[in-house]
Structure formats: structure tokens, C-alpha cells
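**Q** Have a look at this one before I ask anything.
Please treat every number below as a calculation from the coordinates, not as lab data. Keep in mind it's a predicted model, so treat the numbers as computed, not measured. Heads up, the Cβs are rebuilt from the backbone with ideal geometry, glycines too, and the neighbour counts pull from every protein chain shown.
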Amino acid sequence: MFLNKIKIFYPLNILLILSFIFCTHLKSQEIENITGIAKVIDGDTIKINSKKIRLFGIDAPEKKQFCKKIFLSISLISFKKDYACGEISTNFLKKKIDNKMINCKSIGMDRYKRYVAECFKEKKSINAFMVQNGQAVAYRKYSPKFISYENIAKKEKLGLWSGTFEMPWDYRKKN
């Protein structure tokens with residue numbers, strides 16, 4: 001009789017432990033709304049109250065990153081100059097949202113304890129806005145959602161696409 005109880009008790013405990021782990025994982029992936037006045041940190045990170053938020057599915061140049069663009073073309077010869085694309089991306093986002101009411105839908109947290117979210121100003125995606133204007137790129141490693149916006153920016157040679165640049169993730173690896 002005692003062995004029969006152990007045989008039933010053991011699988012039941014394993015099932016309870018697995019259920020707890022699964023439910024905890026689901027809870028951490030729940031969508032959380034974060035709303036408030038936003039402060040811009042850089043081209044893909046904002047702060048609302050004390051919560052740092054990484055814009056989901058996009059990657060903007062780092063603050064100290066430089067890119068190149070043509071400043072003079074003579075016949076077949078083009079002259080390029082460096083410009084502070086990281087600062088420009090940050091300022092572009094500031095102009096769009098700084099000190100404005102923003103609503104973010106968080107899908108979880110990253111390894112740096114930042115919320116990962118798509119954020120909206122008046123129901124328009126800020127993430128899409130940054131990519132469509134060439135101030136950030138679609139972060140394909142995490143989502144294909146913003147690729148179509150990137151294609152628009154490339155086609156129209158907007159922002160980063162008006163010259164040459166190193167992908168932000170490559171720049172971070174080197175610096």
C-alpha cells in the first residue's frame with residue numbers, strides 16, 4: 001500500500017512542479033501596459049517614470065556611433081563625410097516624443113532588466129516611425145515586424161539609408 005502511494009505521489013509532484021514553472025514563464029511573458037511622460041535615452045530606449053524601455057524589434061545607432069554620407073559629388077567621384085548618426089537618431093526620437101504621454105505594450109524584459117515594448121504616441125507606433133524614417137533598422141534577430149518599414153526607408157534613402165553605416169549590433173560588438 002505504501003509503495004502505491006509513493007508511485008502516485010512522485011508523478012503528481014513532478015506535474016505540480018512543471019505546472020508552476022510553466023505558469024511562472026507565462027506570467028513573465030504577459031503584456032504589461034506602461035503609460036506616462038517619456039524621456040528619451042537614445043534612439044531605441046526611453047524611460048517612463050523609473051521604467052527603462054527598449055523599443056521592441058528595432059535597433060538604432062549607438063549614441064557615439066558615426067555614419068558616412070555623401071556631401072559632394074562631381075561626375076563619377078563622390079566625397080563622403082562622417083556624421084553623428086547616433087546623436088541624430090536620439091534627437092529625432094526626442095523631437096517626436098520627449099515629454100509627451102506615451103503608451104507602451106511590454107512583452108517582457110531583456111537581460112539588462114529593461115522592459116521590451118512597442119510604444120505608441122496617439123495610437124501610432126513609435127517603433128515603426130523610427131524605422132520608416134531611417135533612424136533605426138528592423139532588428140530581424142528578434143522580429144520581422146518592421147522589415148516593411150525599413151524597405152520604405154531604404155527605397156526613399158531616408159536617414160541612415162542616405163549614406164553608409166555599420167549595423168548597430170556590429171558596432172556594439174566592436175566597441
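**Q** Could you run the Karplus curve 6.51 cos²θ - 1.76 cosθ + 1.60 with θ = phi - 60° over the stretch 71-77 and give me ³J(HN,Hα) per residue in whole Hz, x for Gly and Pro?
**A** 10, 7, 10, 10, 6, 9, 9
**Q** Something else about it: Taking amide hydrogens as modeled 1.01 Å from N in the peptide plane, which residues meet the under 5 Å criterion relative to Ala60, leaving out close sequence neighbours?
**A** Hits under the 5 Å cutoff: Asp44, Val137.
**Q** Still on this structure, please answer the following. Using label points projected 7 Å from each Cα along Cα→Cβ, tell me how many nm separate Glu122 and Phe79, to one decimal.
**A** Between Glu122 and Phe79, the label points sit 4.2 nm apart.
**Q** Rg/Rh for the stretch 81-143 to two decimals, with Rh computed the Kirkwood way over all alpha-carbon pairs.
**A** 0.99
**Q** Measure of size requested: the Rg and Dmax of the stretch 31-174, with Cα atoms as the atom set and Å as the unit; please supply both.
**A** Here Rg and the maximum Cα pair distance are 15.5, 55 Å.
**Q** Got a sec? How would Val116, Val137, Val40, Val131 order by Cβ neighbour count within 10 Å, fewest to most?
**A** Starting with the residue having the fewest Cβ neighbours, the order is Val116, Val40, Val137, Val131.
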